[in-house]
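Worksheet: one structure, shown below.
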Amino acid sequence: MITLCYVLSGGLLIGTGLLFNAQVLSATTLTACWVVVFLFASAGASAAYLTGKLVETEKEINVFYGYLIGAVLMIAAGIAEWFIGVKAAGKSLEDVARPLTADETEGAGAPA
């Protein structure tokens, strides 16, 4: 079940990316695609907590190690964001990045 959820969500995300790249998705259909992808991804993540190999060992220390590994990865992601993240708090998206649909001649010389 876990494998199926993750593989299915990954395949759906690839399909979403291909459709996005082909410019056939509206904002509404892109959001709908994301909802379906995250539905399966979250089911896989929930199943991992409930039926994962760590719980099956019946050793509490193994579950603790699983939580510890997850926590370390989350902390590492937070540290990575600290160094390479974009200062976007309180800004509109257009102030952070040029829209994908912007005309190439708009704002010539302005940073992208």
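Residue pairs whose Cβ atoms lie under 9 Å apart, separated by 6 or more positions or on different chains, with the first residue in the stretch 6-27 and touching a residue at least 12 places away in the same chain (Cβ under 8 Å) and part of a helix (DSSP H, G or I) and the second of a type in the set (S, T, N, Q) and loosely packed, with under 14 Cβ neighbours inside 10 Å, are SER9/SER42; LEU19/THR29. Residues that are at pLDDT 80 or above and farther than 30 Å from ALA27 by Cβ: does the stretch 56-74 have at least one? The answer is no, given that none of the residues of the stretch 56-74 is at pLDDT 80 or above and farther than 30 Å from ALA27 by Cβ.
The values are calculated or read from the model by the stated rules, or taken from the named source; none is laboratory data. Values in this document were obtained by computation on a predicted structure and should not be read as measured data. Glycine also receives a Cβ, built like all others from the backbone with ideal geometry; neighbour counts cover every protein chain displayed.
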